[in-house]
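Computed from the coordinates by the stated procedures, all read-outs in this text should not be read as laboratory data. All values reported here derive from a predicted model rather than from experimental measurement. Don't worry about glycine lacking a Cβ; one is built from the backbone with ideal geometry, like all the others, and counts go over all protein chains shown.
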């Protein structure tokens, strides 16, 4: 598993770690911004969404040591931005999953038109003054140290990165373990929340990855990724079905075509297969060795 991060040590301060994490993701947003605006590659929107999620995760897990008022404002704004990108990404996934390059159908044409409209909203957002002002504000927030209000009051926090990481990771894993005890009772909404919990744990593990044994951490993150991917696939089928239904409502002619029925059957089949495998994947993950406990 590869993860682009400067190596952390147990002696690295929490201040340095937080600054490094946010700086890296803000740079990533800048790197992919033009690609997303020009709709050159679906990866542009995807990577910006990931960076926004990682920033929100960092703001959450470092909440005990940062200025809560400012961090809450950033988290709220970045969540709003992500929702605009979500629409474009969901349509990208729908198209990539259900159509080939030579597919020719009314459904495909309607979906592409909807996707192009979603990318216009993405372009408007990423070129807007509020978005770019917020990115600059976040950089200034880091550079000037405005976020350090709590950490300045308790200097001990600057010298306990490994203990901080242990407590954070242990808290996140316990949430998942509790939910994994009765997977049969998890409906689509609960599965989506579990997926978010897995994302938080994965990003946090990656934040602190160099503090632990490489082999143990790689095995853990790989199984976590498999679980997250399965939950993501299940969530995608739920979203795709809703998209499909909206497309049919907007154009009744699509409803009667063989291609539209084929897409719906495939979405339902994928959901059943993924859910049937989930219990075993949850069990396997919960029995994986946790690197921060070794």
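Label positions at residue 188 and residue 97, each projected 7 Å from the Cα along the C-beta direction, are separated by 1.1 nm.
Within 10 Å of each residue's Cβ, count the other Cβ atoms and sort 18, 207, 166 from fewest upward.
Numbers: 18 21, 207 24, 166 17.
So the residues, fewest neighbours to most, are 166, 18, 207.
The distance linking the range 62-88 with the range 180-211 is 19 Å (Cα centroid to Cα centroid, whole angstrom).
Every helix of 4 or more DSSP H residues in the chain counts as -39500 (n - 2.57), and over all residues that averages to -27000 deg cm²/dmol at 222 nm.
What the Cα convex hull of the range 25-145 gives, in volume per residue, is 93 Å³. Taking a ≥ b ≥ c as the square roots of the eigenvalues of the Cα gyration tensor, an a/c ratio of 1.5 or more together with a/b larger than b/c marks the range 161-294 as prolate. The modelled label-to-label distance between residue 83 and residue 177, using points 7 Å beyond Cα along the C-beta direction, is 3.5 nm.
Put simply, when 274-280, 177-183 are sorted by average Cβ atoms within 10 angstrom per residue, most first, you get 274-280, 177-183. Computing Cα Rg over 2.2 N^0.38 Å directly from the structure and comparing it against (1) 1.10; (2) 0.95; (3) 1.00 singles out (1). Using 0.36 nm per residue and subtracting the Cα-Cα separation, the extra length available between residue 16 and residue 277 on full extension is 89.9 nm.
Against the main long axis of the alpha-carbon atoms of the chain, helix 129-144 sits at an angle near 20°. For the Cα atoms of the chain, what angle does the longest principal axis make with the long axis of helix 106-127, in degrees from 0 to 90, nearest 10? Its long axis makes an angle of about 30 degrees. Rounded to the nearest 10 degrees, the angle from helix 161-180 to the longest Cα principal axis of the chain is 40 degrees.
If you plug the beta carbon distance of residue 293 and residue 246 into 1/(1 + (r/R0)^6) with R0 = 35 Å, you get a FRET efficiency near 0.15. Extension gain for residue 121 to residue 63 (0.36 nm times residue separation, less C-alpha to C-alpha distance): 17.8 nm.
Give, in nm to one decimal, the length gained when the segment between residue 215 and residue 128 is fully stretched (0.36 nm per residue of separation minus the Cα-Cα distance).
On the way: separation 87, 0.36 × 87 = 31.32 nm, distance 4.38 nm.
Extra length from residue 215 to residue 128 when fully extended: 26.9 nm.
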